[in-house]
Amino acid sequence: MDNKFETNAIRTQIERSQFLEHSAPLYLTSSYVFEDAEDMRASFAEEKDRNIYSRYSNPNTSEFIEKICKMEGAEAGFAFASGMAAVFSTFAALVESGDHIISSKSIFGSTHSLFVNFFPKWNVTTSYFDAHNLEGIEALITPKTKILYAESPTNPAVDILDLEVLGVIAKKHNLILIIDNCFASPYLQQPIKFGADLVIHSGTKLIDGQGRVLAGITVGSADLIDKVYRFSRISGPALSPFNAWVLSKSLETLAIRVDRHSENALKLAEYLEAHPKVNWVKYPFLKSHPQYKVAIKQMKAGGCIVAFEVKGGLQAGQEFFNAIKLLSLSANLGDSRSIVTHPASTTHSKLAAEDRVAVGITDGTVRVSVGLEHIDDIIADIKQALG
């Protein structure tokens, strides 16, 4: 029987122990015992599919991975200690010296740092395309190009890339299409439906939903995930069993939480759009969003992130942040508590000023991760901070 998303999030569970527990227990163990010498040999020879060492697999991480795979329509996955561990390990497992990556300019600052500061040391190069000009991607492809990479919605400008178009380009040129689906979550968007080979999430964000744990996960085709797994079991970025257990429980409420996040975020975006001290507002499900038609094609709702620009530049932006009372000043997102962030001085501060402007980040840009508080209270705090 094919269950619905919400049912899979709740009812996907590891096999019960002899104690017949209703809720999956926590498996805090580094290793596992073998029945005899032959069992040990066969297990290490991979003739048996079983837990050997928790750097490789653990019942709690396996449950978490299985849930995300069902949500994303993926064949397999591997869970990591953080979102950036997922990003680095996925690329490191797939690229070789001399390979070329094509990436959207509009990506998380730490991912950009990997591409420009670290991968070149291993002779892996990256070319960037404009998120508003997907037609320009093919001109960047070389015989060495292996991966096409993008986020959608983007961080923090909340631009939307047409995943179907990216899928067609990747298939035409035999590229591996990797999509960071963190801002949408598996509930709102499933990139594999549009041609993605691998999907990456920071579990720290909406998947956890309460700002408690760090985590990352990559899911997709079994062949590619096998490469990611074999690199990661040696390099050691595995997710801890405790964090996996927390996240698996969090997934049980993902749908209902993200529905409310999206409902609140749309109401805040509509309020800001009419505010005289705001230059512009971007939210995927605002009809004024430049890629609104693409957003409604590939997303169930708009998610929790609203971006806007305060009139008056950097000084006005600083005054806004200093006046915030209820919302949190933090660099996280996807939390039950609403968060305001100044990307130019925090998450994307490592980008050159001209690079920030190129991806829509001005000195006055504000990123709001809209939480689960009552929307009237969220709007009231934004209103008084704007003055």
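Just a few scattered comments:
- Span per principal axis, largest first, for the Cα atoms of the range 45-114 (Å): 41, 28, 21
- Of the accessible area of the range 332-387, computed with a 1.4 Å probe over protein heavy atoms only, carbon and sulfur atoms account for 54 percent.
- Taking a straight line from the alpha carbon of Lys67, these lysines sit under 26 Å away, with near neighbours fewer than eight places off in the same chain left out: Lys4, Lys48, Lys193, Lys205, Lys227, Lys249, Lys297, Lys300.
- Of all DSSP-defined beta bridges confined to the range 81-149, some 0% are antiparallel rather than parallel.
- Surface share of carbon and sulfur [accessible, 1.4 angstrom probe, percent] for the range 1-116: 52 percent
- Given their separation in residues at 0.36 nm each and the Cα-Cα distance between them, Lys383 and Lys121 gain 89.6 nm when the chain is fully extended.
- Here the spin labels are modelled as points 7 Å beyond Cα on the Cα-Cβ line, and at Asn8 and Ala316 they lie 4.5 nm apart.
- Close amide H contacts of Thr126 (hydrogens built in the peptide plane, cut-off under 5 Å, sequence separation of 5 or more or a different chain): Ile101.
- Of the peptides 335-342, 294-301, 372-379, the ranking by mean beta-carbon count within 10 Å, highest at the top, reads 335-342, 294-301, 372-379.
- Distant-in-sequence amide H partners of Asp180 (H built 1.01 Å from N, under 5 Å): Ala150, Glu151, Ser152, Ile200
- Whole-Å semi-axes of the range 248-318's equivalent ellipsoid (Cα gyration tensor): 26, 16, 10
- In sequence order, calculated HN-Hα J values of the range 142-153 (Karplus, 6.51, -1.76, 1.60; Hz; x Gly/Pro): 10, x, 8, 5, 10, 10, 10, 10, 7, 10, 7, x
- DSSP-defined beta bridges in the range 219-371 - what % are antiparallel, rounded to 5: 85 percent
- The residues of the chain present an accessible area of 44 Å² per residue when probed at 1.4 Å with all protein chains retained.
- Degrees separating the helix 313-323 axis from the principal Cα axis of the chain, which is the longest one: 70 degrees
- The HN-Hα couplings worked out from phi for the range 28-33 by the Karplus form 6.51 cos²θ - 1.76 cosθ + 1.60 (θ = phi - 60°) are 8, 9, 7, 9, 9, 8 Hz, whole numbers, x standing for Gly and Pro.
- Angle in degrees between helix 222-235 and the longest Cα principal axis of the chain, rounded to the nearest 10: 80 degrees
- Close amide H pairs (under 5 Å, H built 1.01 Å from N) link Ile147 with His100, Ile102, Ile176, residues at least 5 positions away or on another chain.
- 20 Å tail of the calculated P(r), the range 1-151, as % of Cα pairs: 65 percent
- Here the chain carries DSSP beta bridges of which approximately 55% are antiparallel, counting only pairs with both residues inside.
- Projecting the Cα atoms of Trp122, Leu175, Gly136 onto the charge dipole of the chain, computed from C-beta unit charges around the Cα centre, puts Gly136 farthest toward the positive end.
- The range 163-296: translational diffusion in µm²/s, Stokes-Einstein, Kirkwood Rh over Cα pairs, 20 °C, 1.002 mPa s: 126 µm²/s
- The range 184-260: trypsin sites (Lys or Arg not before Pro) falling in loop per DSSP and having at most 16 other Cβ within 10 Å: Arg212
- Which label in [x] 20.2; [y] 21.7; [z] 18.4 gives the computed mean projected area of the Cα convex hull in nm²: [x]
- Farthest toward the positive end of the dipole of the chain, out of Gly360, Gly302, Ile147, is the Cα of Gly360, where the dipole comes from beta carbon charges about the Cα centre.
- Rounded to whole numbers, the Karplus 3J(HN,Hα) couplings from phi for the range 74-79 are 9, 7, 7, x, 9, 9 Hz, using 6.51 cos²θ - 1.76 cosθ + 1.60 with θ = phi - 60°, and x at Gly and Pro.
- Placing +1 on the Cβ of every Lys and Arg and -1 on the Cβ of every Asp and Glu, with nothing else charged, gives the range 271-373 a dipole about its Cα centre of roughly 360 debye.
- Simple Cβ-charge dipole of the chain, Lys/Arg +1 and Asp/Glu -1, about Cα centre, in debye nearest 20: 600 debye
- Charge dipole (Cα centre; +1 on Lys/Arg Cβ, -1 on Asp/Glu Cβ; no other charges) of the range 1-145 amounts to roughly 500 debye.
The values are calculated or read from the model by the stated rules, or taken from the named source; none is laboratory data. Please read all numbers here as calculations on a predicted model, not as lab measurements. A quick note on method: Cβ atoms are made from the backbone with ideal geometry, for glycine too, and the neighbour counts reach across all protein chains shown. Just so you know, the surface numbers come from the protein's heavy atoms only, side chains and all, with ligands and any DNA or RNA stripped out. Shrake-Rupley method; radii C 1.70, N 1.55, O 1.52, S 1.80 Å.
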